[in-house]
Amino acid sequence: MDSESRQIPAHIAVILDGNGRWAKRKGVPRAMGHKAGCETLEKMVEEAARMGLSYFTVYGFSTENWKRSEEEVGALMNLFRYYMVRIIKIANDNNVRVLMIGDKSRFAPDIIEGIDRMVESTRQNTGMTFVVAVNYGGRDEIVRAAKKLVRDCAEGRMDPSRIDEGIFSSYLDTAGIPDPDLMIRTGGELRLSNYLLWQMAYTEFYVTDCLWPDFNRQELEKAIEAYNLRERRFGGRK
Ligand code: IPE
Ligand code: IPE
Ligand code: MG
């Protein structure tokens, strides 16, 4: 397909998976796989912005990932601390605005501050929006939204008869963000792992065996190419 007729999806959501397997293959500790994964993420934020995506959402840590060993969770937290600071520079160099989805209240206070700083210091950027999903779970997000909506109804800020899909969406962490057009999962697993359950009602899925640390611009191009070859017939249309 020539690049002129190719459509770049406005919003790509990624499940970055396979860091552990990448490390195992290399015979190095899992934490090294996560570090390599963070390096790939830095590069991909830049690539996605250059390609002209409007939104790039990445699943970095799920509500289920706390169940991993203390050692692994600790290593991931330290990587967040280090890479959040680097992301600010990459975002500002590329006019990228950073948003966070998920329940940040479970993180250590310095990580919460780091997230707030990342969002605050990139707020004015007008290019791509990079959405980081950390301590994110689709079910958790829906439950938190429902609780907030119930509170607003009970306290008279919302009339229950007004509730529709649009109103409900506005209570989700992704309020104001369009639904993903394309979801890419690396590492080959054919499941959603609690990612963007509400938002991906009509998203096209692309799964690659490529492990996240090996992901690059060419792999992203391949996914976009596959997306372009799909016939998007949805919403009851034939
Ligand atoms: C994805 O890589 C990163 C996180 C979930 C934090 P994994 O750590 O899940 O890697 P695999 O699936 O074990 O290879
Ligand atoms: C999905 O990867 C979640 C993230 C990338 C944060 P996991 O490795 O945690 O998912 P499962 O356990 O294979 O479903
Ligand atoms: Mg995994």
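Here, each number is a calculation from the coordinates, and none is a lab measurement. For clarity, every value in this text was computed on a predicted model and none was experimentally measured. No Cβ is skipped: glycine too gets one built from the backbone with ideal geometry, and neighbour counts run over all protein chains shown.
Data overview
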item	result
Residue list for the stretch 196-216, filter: more than 11 Å from ligand 1 (Cβ to nearest atom), touching a residue at least 24 places away in the same chain (Cβ under 8 Å) and either closer than 19 Å to Ser5 by Cα or in contact with a strand residue (DSSP E or B) (Cβ under 9 Å, 6 or more places away or on another chain) (or both)	Leu196, Gln199, Met200, Thr203, Glu204, Tyr206, Thr208, Phe215
Unmet requirement for Ala175, which otherwise passes all of (1) free of Cβ contacts under 8 Å to residues at least 60 places away in the same chain; (2) under 23 Å from Ser5 (Cβ atoms); (3) among the aliphatic types (A, V, I, L, M)	(2)
Count of the stretch 131-158 residues which are under 19 Å from Pro178 (Cα atoms), of a type in the set (A, V, I, L, M) and part of a helix (DSSP H, G or I)	2
Any hit, the stretch 16-38, residues being within 21 Å of Arg123 (Cα to Cα), away from ligand 3 (no atom under 16 Å from the Cβ) and β-branched (Val, Ile, Thr)	no
In the stretch 52-92, the residues that are away from ligand 3 (no atom under 16 Å from the Cβ), more than 12 Å from Asn135 (Cα to Cα) and of a type in the set (A, V, I, L, M)	Leu53, Met84, Val85, Ile87, Ile88, Ile90, Ala91
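So that you can scan it fast, the table gives a plain yes or no per residue for (1) within 21 Å of Gly33 (Cα to Cα); (2) charged (D, E, K, R):
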position: Ser161; (1), (2): no, no
position: Leu172; (1), (2): no, no
position: Asp179; (1), (2): no, yes
position: Tyr206; (1), (2): no, no
position: Leu211; (1), (2): yes, no
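Every residue, every condition in (1) free of Cβ contacts under 8 Å to residues at least 40 places away in the same chain; (2) of a type in the set (Lys, Arg), yes or no:
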{"position": "Arg6", "(1), (2)": "no, yes"}
{"position": "Lys26", "(1), (2)": "yes, yes"}
{"position": "Gly33", "(1), (2)": "no, no"}
{"position": "Lys43", "(1), (2)": "no, yes"}
{"position": "Ala49", "(1), (2)": "no, no"}
{"position": "Thr57", "(1), (2)": "no, no"}
{"position": "Phe61", "(1), (2)": "no, no"}
{"position": "Glu70", "(1), (2)": "yes, no"}
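Yes/no per residue for (1) over 19 Å from Ala10 (Cβ atoms); (2) aliphatic (A, V, I, L, M); (3) part of a loop (DSSP other than H, G, I, E, B):
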position	(1), (2), (3)
Asp173	no, no, yes
Gly188	yes, no, yes
Leu192	yes, yes, yes
Leu196	no, yes, yes
Phe205	no, no, no
Leu220	no, yes, no
Ile224	no, yes, no
